[in-house]
Structure formats: C-alpha cells, structure tokens
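Peer 1: Here's a structure for you.
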Amino acid sequence: AVANPIQEWIDKNIVRPSLDHEGLKVEISLQKIPPDIVADILAAATKQGVSGAVAQHLVGAKLALRYPEMKIENYGHTTQDKQLGRKGDFELNDTVIHVTMTPGEAVAAKCAKNVGDGFNPLLLVPRSEVSAAESFVRRSTAANRIWVESIEAFVGQNIAEIGEFGKNGFRESIKRLLSAYNERVNAVEPRKALMIKVPENL
C-alpha cells in the first residue's frame, strides 16, 4: 500500500519526464539489411517498454510514405478500436491491418471477423512471433484468409523500395521513415519519449 504511491510518484515525476526529454535512442547500421534495421528499432523500443506503440507508428509511417496520396489513419497507441468503430489499426481500401507485438486468439478473432465482414486482414507481428501468429490463425474460423507477415519485412522492404535499392537512397529513405514516424507520434501521443532521435550517421 505504501510502495505503490511511491512508485507512481517516481514514475510520474522522475522516470517519465526523463524519458520524454531524451526520446528513444536507436543505433542505425547502414551495413545491415532493412529488416534487421527495423528489428534494431523494435529492440530498442522493447527495452523502454514501448515496442507496441513504436511498431504501430512505424507501420503508419511506412504506409504514409508508400501511399502519399492516401490518408493514413493516425491514432494514439492506447486508443481502442471499439471506441472509434475501427476494424483494425489501419484500413486501406479492402484491407485491414492489425499490428501487435504479442499475437493471440483475440487478434486472430478480429481478423476472422474482418473476413466475415468482407475485408482482407493483414496481421503484422515481430518475426520471432510469426509462427505463433500463424498457429492462432490456423485455429480461427478464417484460417486460409488471413495474411501474416513480420513487421520487420513489411517495413524493411519498403525502405529498400523507396530508396530505389541504392546506398544513398537507402540512407535517405531510413531518414524519411524516422521523420515521418516522429511527425505521426508528435501529432497524437502525449509521451514524446516515443519519438526517435535521428542518428547522426543519417
């Protein structure tokens, strides 16, 4: 009873302000393949306990860069789909995209409902969780209609494509991704700790 208020005070007055001031520090190695760079970003976010939010906004930034003519939804990570009547994290034409770091029966059921409503669900998870996600999908009511892909591959491939598969373009596309990410985070998230400090080597 005594410890909880103390922990809450420390978190509110010391930990969070410190994180909000520093932002998320990520080391980007341009020698790595794009999916591994995305994996490094998610790993840094995991250490800070914000991987779910970072994953969602990375996917949003990728979609915004890839489809500049389309309005890509942007909501805070803690916003519940039911609150806004959303079918998933992102909706593009007939496809509903779900982004989660920890797949389970609940998200598989959401995907199955998307199918029942006439949409094509895409479930994005960390590559370490792809097998688990596919297992949950197989046990759902729409096993052959749900596309499972890793966040690393989904975002990473786009980095290479936007950079036209060249070294200079590759560097610039990563920088554009992080800038778009920060803009989206700044627009909807109260905690600026989620913003990524763009490394000097970019």
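Peer 1: Checking GLY116 against (1) under 25 Å from ALA39 (Cβ atoms); (2) modelled with pLDDT of 95 or more, which test does it fail?
Peer 2: Here GLY116 clears every test but (1).
Peer 1: So if I check each of ALA55, ALA43, ALA1, which one is at pLDDT 90 or above and either farther than 16 Å from ARG184 by Cβ or of a type in the set (Ser, Thr, Tyr) (or both)?
Peer 2: Working: ALA55 fails: either farther than 16 Å from ARG184 by Cβ or of a type in the set (Ser, Thr, Tyr) (or both); ALA1 fails: at pLDDT 90 or above.
So the residue among ALA55, ALA43, ALA1 that is at pLDDT 90 or above and either farther than 16 Å from ARG184 by Cβ or of a type in the set (Ser, Thr, Tyr) (or both) is ALA43.
Peer 1: Where in the stretch 84-202 are the helices (runs of 4 or more DSSP H), entirely inside, with at least 1 residues that are out of contact with any strand residue (DSSP E or B) (no Cβ under 6 Å at 6 or more places or on another chain) and under 30 Å from GLY23 (Cβ atoms)?
Peer 2: The helices (runs of 4 or more DSSP H) meeting that bar are 151-162, 167-188.
Peer 1: For the stretch 129-144, does any single residue satisfy the condition of being surrounded by 18 or more Cβ atoms within 10 Å (Cβ to Cβ), in contact (Cβ under 8 Å) with a residue 60 or more places away in the chain and touching a helix residue (DSSP H, G or I) at 6+ places or on another chain (Cβ under 8 Å)?
Peer 2: no
Peer 1: So in the stretch 46-70, with the set limited to residues that are free of Cβ contacts under 8 Å to residues at least 24 places away in the same chain and either in a loop (DSSP other than H, G, I, E, B) or open to solvent by less than 20 Å² (accessible area, probe 1.4 Å) (or both), which one is nearest to PRO103 (Cα to Cα)?
Peer 2: Among those residues, the one meeting the criterion is GLY49.
Peer 1: Can you pull out every residue in the stretch 104-128 that is touching a residue at least 40 places away in the same chain (Cβ under 8 Å) and either open to solvent by 20 Å² or more (accessible area, probe 1.4 Å) or among the acidic types (Asp, Glu) (or both)? It would help to see each step written out before you state the result.
Peer 2: In the first step, residues of the stretch 104-128 are kept if they are touching a residue at least 40 places away in the same chain (Cβ under 8 Å); the result is 124, 126-127.
Listed by number, the list holds a single entry, ARG127.
The values are calculated or read from the model by the stated rules, or taken from the named source; none is laboratory data. Just so you know, these numbers come straight off a predicted model, no measurement behind them. We place every Cβ from the backbone using ideal geometry, glycine too, and count neighbours over all the protein chains shown. Ligands, DNA and RNA are stripped out before the accessible areas are found, and what is left, the full protein with its side chains, is counted by its heavy atoms. Shrake-Rupley method; radii C 1.70, N 1.55, O 1.52, S 1.80 Å.
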